[in-house]
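Taking it in order: structure first as C-alpha cells, then the write-up.
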C-alpha cells in the first residue's frame with residue numbers, strides 16, 4: 001500500500017481545520033500543516049492530531065504550497081486546504097486505490113458551500129482539481145492567488161468519485177471582501193509579469209465571466225445565491241484588470 005502525505009496551508013482556520021483533519025483519518029499516513037502565523041486556535045487544534053506543524057510567513061499561495069509539499073515524507077501527496085474536507089465517498093475512493101496508484105495524479109470534483117448552500121452549477125461545480133499526485137512528477141505553478149499543481153508532460157491522470165467539500169464563503173460580505181483582496185493580489189502579479197490591460201479589458205472580463213458562469217454553466221439554476229455568487233466573482237475579474245490599469249497609470253505619472 002502506498003503511503004500518502006496530506007499537506008495543508010493554513011491561516012486563522014480554527015472554524016474549519018478540525019473538520020479537515022478528521023476527514024483524513026485512515027487516508028493520510030502523514031499530515032503536514034504549514035501555518036502562516038495564525039493568531040487564533042489553529043495551532044492548538046492541530047496539536048490534538050498527529051500533525052507535523054510548522055510556521056512560515058506567507059509569501060504567496062504558490063510559494064507556500066511548494067514549501068509545504070517539500071516537507072512531505074512520501075512521494076504521494078494529497079493537497080487539501082484547511083477549509084476543505086473529504087466527503088465519505090471520496091475517502092472510500094482514495095482508500096480503494098491506495099493499493100494500486102497506477103496514474104500520476106488524481107482529479108476530484110470540488111463542491112462549494114456558499115452562504116450555507118451547496119452550489120451545484122456555474123463554474124463552482126464540478127470545479128475539478130488535481131489534488132492527489134506524485135510530487136516527483138510536477139510542480140506548483142499559477143498566478144497568485146490562483147495556484148495549481150502541473151504534472152509533467154506525458155503524465156496520466158484519472159478522476160475519482162466523490163466530492164471534495166469546500167466551505168467557500170459564509171456570507172456575501174466575506175465574498176466581497178475576498179474578491180477585493182484577491183483582485184489586488186492578482187493585479188500585482190500581472191503587473192510584475194508585465195501584463196497589460198486596455199481600456200475595455202476590465203469590462204470584457206466582467207461580462208464574459210458572468211455570462212460563462214451564470215448562463216453557459218447554469219448558475220441560474222442555483223437561484224438567488226447563484227446569481228449573487230456569479231455577479232460578485234465577475235466583479236472580481238473586473239477589479240483585477242481595473243487595478244492593473246491603475247498601477248500602470250500611477251507608474252507613468254510618477255516618472
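For segment 84-106, the criterion of a residue being within 21 Å of residue 182 (Cα to Cα), touching a residue at least 12 places away in the same chain (Cβ under 8 Å) and outside any strand (DSSP E or B) is satisfied by no position.
Here residue 123 qualifies as within 23 Å of residue 229 (Cα to Cα), part of a helix (DSSP H, G or I) and either within 15 Å of the chain's Cα centre (by Cα) or in the same structural domain as residue 14 (by TED's automatic domain parsing) (or both). Exactly one residue among 214, 227, 248 is in contact (Cβ under 8 Å) with a residue 60 or more places away in the chain and either over 20 Å from the mean Cα position of the chain (by Cα) or in the same structural domain as residue 124 (by TED's automatic domain parsing) (or both), and that residue is 214. Filtering segment 1-47 to residues that are in contact (Cβ under 8 Å) with a residue 60 or more places away in the chain, within 17 Å of residue 87 (Cα to Cα) and part of a loop (DSSP other than H, G, I, E, B) leaves 16, 24, 26, 27. Only one of the numbered conditions (1) at pLDDT 95 or above; (2) within 15 Å of residue 29 (Cβ to Cβ); (3) surrounded by fewer than 16 Cβ atoms within 10 Å (Cβ to Cβ) is violated by residue 77, and that is (3).
Residue 59 falls short on exactly one of the conditions (1) over 29 Å from residue 96 (Cβ atoms); (2) at pLDDT 95 or above; (3) in a loop (DSSP other than H, G, I, E, B), and that condition is (2). The residue pairs whose first member lies in segment 141-164 and is outside the structural domain of residue 191 (by TED's automatic domain parsing) and at positive phi, whose second member is outside any strand (DSSP E or B) and surrounded by fewer than 17 Cβ atoms within 10 Å (Cβ to Cβ), and whose beta carbons are closer than 9 Å, counting only pairs six or more residues apart or on different chains, are 162/88; 162/89; 162/92.
Restricting attention to segment 127-154, which residues are in a loop (DSSP other than H, G, I, E, B), in contact with a strand residue (DSSP E or B) (Cβ under 7 Å, 6 or more places away or on another chain) and surrounded by 17 or more Cβ atoms within 10 Å (Cβ to Cβ)?
Within segment 127-154, 127, 147 qualify.
Note on segment 86-107: residues that are touching a helix residue (DSSP H, G or I) at 6+ places or on another chain (Cβ under 6 Å) and farther than 18 Å from residue 127 by Cα amount to 1. Would it be correct to say that residue 236 is farther than 24 Å from residue 61 by Cβ and touching a helix residue (DSSP H, G or I) at 6+ places or on another chain (Cβ under 7 Å)? Judged against the criteria, residue 236 is not a match. Any residue in segment 71-85 that is under 29 Å from residue 214 (Cβ atoms) and out of contact with any helix residue (DSSP H, G or I) (no Cβ under 9 Å at 6 or more places or on another chain)? Checking segment 71-85: not a single residue is under 29 Å from residue 214 (Cβ atoms) and out of contact with any helix residue (DSSP H, G or I) (no Cβ under 9 Å at 6 or more places or on another chain).
Would you mention how many residues in segment 185-210 are farther than 17 Å from residue 144 by Cα and either outside any helix (DSSP H, G or I) or free of Cβ contacts under 8 Å to residues at least 40 places away in the same chain (or both)? Qualifying residue count, segment 185-210: 12.
The values are calculated or read from the model by the stated rules, or taken from the named source; none is laboratory data. Just so it is clear, the model here is predicted, and its values are computed rather than measured. So basically every Cβ, Gly included, is an ideal-geometry build from the backbone, and we count neighbours across all protein chains shown.
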